[in-house]
Amino acid sequence: MDISEFNTGFFSLEGKNAVVTGGNTGLGQAFSVALAKAGANVFVPSVTEDDGTTRRLIEAAGRRMEFLHSDLTERGAPRRIVDGCVEVFGSIDIVVNSAGINKLAEVEEFGRDEWDPMVALNLTAPFELSREASRHMIPQRSGKIINIASLFSFLGGQQSPAYAATKHGIAGFTKAYCDELAQHNIQVNAIAPGYFATPLTEATRSDAESNQRVLDHIPAGRWGDTADLMGTVVFLASRASDYVNGHVLPVDGGYLVR
């Protein structure tokens, strides 16, 4: 491509169809709305019932949303999700593996009952969904797989060894799938969000000491807002990132530099 060919249309997702797991709440909702505002239809599988908010935002952007109540850890669910997206929209061009859980416990209290569900949702489900999506992306010779990693893809996970292990695993899985799928013009990358103001972090933010401890570690001096992730996911889903592959991109206000 000659540099004269570049234009802002490279960020357009017009005509693209995306799956965003957990895409009706939290960070997943921001990803869904961002992709829709850039032009994509969005297929949202989630175990959390849809209250209509995400759909209204997507339809206000002139795009379609399909919701599927689905437990991603159930056997066969990833294939049903991918096939559902293709049936409804005609193709699957983008996958955002956003759904995830975390549970805190002291190491002596952290057993298989805590470990297994987190590994199943945070690591196994993205692997299976990406594999199923690749069955469609390889023949069409295009696709974007975006995994949601974490700062704990780089750091230890105090009181949460499973979360750190799964997010380190997501980083490795991203690189491995890049190596496999790049030959088919499929890009596989990950976003590693830092500390964001969501319902899941409300307890930390409402405790003055804990809140200040987090802020003291962020050069930007503030918690992230979900909107801070929207441009990142559009970039990684668009033609503008066609030569970005196997990368884990922190969006953390500079947290990792301290």
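The table below lists the values:
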read-out: Test: residue in the range 187-200 that is assigned to a helix (DSSP H, G or I) and either surrounded by fewer than 21 Cβ atoms within 10 Å (Cβ to Cβ) or touching a Ser or Thr at 6+ places or on another chain (Cβ under 9 Å) (or both); value: yes
read-out: Test: residue in the range 100-117 that is modelled with pLDDT of 95 or more and of a type in the set (S, T, N, Q); value: no
read-out: Pairs with Cβ under 7 Å, 6+ apart, first in the range 212-223 and of a type in the set (Gly, Ala, Ser), second surrounded by fewer than 15 Cβ atoms within 10 Å (Cβ to Cβ); value: 220/254
read-out: Selected residue (only one of 203, 208, 165 is over 27 Å from residue 240 (Cα atoms), out of contact with any strand residue (DSSP E or B) (no Cβ under 7 Å at 6 or more places or on another chain) and surrounded by 15 or more Cβ atoms within 10 Å (Cβ to Cβ)); value: 165
read-out: Residues of the range 222-258 classified as outside any helix (DSSP H, G or I) and either among the hydrophobic types (A, V, I, L, M, F, W, C) or under 21 Å from residue 183 (Cα atoms) (or both), total; value: 11
read-out: Filtered residues of the range 97-134 (kept if among the hydrophobic types (A, V, I, L, M, F, W, C), in a helix (DSSP H, G or I) and in contact with a helix residue (DSSP H, G or I) (Cβ under 8 Å, 6 or more places away or on another chain)); value: 107, 115, 118, 119, 123, 125, 127, 129, 133
read-out: Members of the range 215-237 that are surrounded by 13 or more Cβ atoms within 10 Å (Cβ to Cβ) and either acidic (Asp, Glu) or at pLDDT below 95 (or both); value: 228
read-out: Test: residue in the range 52-73 that is in contact (Cβ under 8 Å) with a residue 60 or more places away in the chain, surrounded by fewer than 23 Cβ atoms within 10 Å (Cβ to Cβ) and not basic (Lys, Arg); value: no
read-out: Test: residue in the range 83-90 that is modelled with pLDDT of 95 or more, under 25 Å from residue 249 (Cα atoms) and surrounded by 18 or more Cβ atoms within 10 Å (Cβ to Cβ); value: no
read-out: Filter result for residue 149 (surrounded by 19 or more Cβ atoms within 10 Å (Cβ to Cβ), within 19 Å of residue 40 (Cβ to Cβ) and among the small types (Gly, Ala, Ser)); value: no
read-out: Failed criterion for residue 86 (all others in (1) farther than 28 Å from residue 192 by Cβ; (2) not in a helix (DSSP H, G or I); (3) not charged (D, E, K, R) hold); value: (2)
read-out: Boolean, residue 15 is touching a residue at least 40 places away in the same chain (Cβ under 8 Å) and either among the aromatic types (Phe, Trp, Tyr) or surrounded by fewer than 24 Cβ atoms within 10 Å (Cβ to Cβ) (or both); value: no
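The values are calculated or read from the model by the stated rules, or taken from the named source; none is laboratory data. A quick note: this is a predicted structure, and the numbers were derived from the prediction, not measured. With ideal geometry, Cβ positions are generated from the backbone for all residues, glycine too; neighbour counts draw on all protein chains shown.
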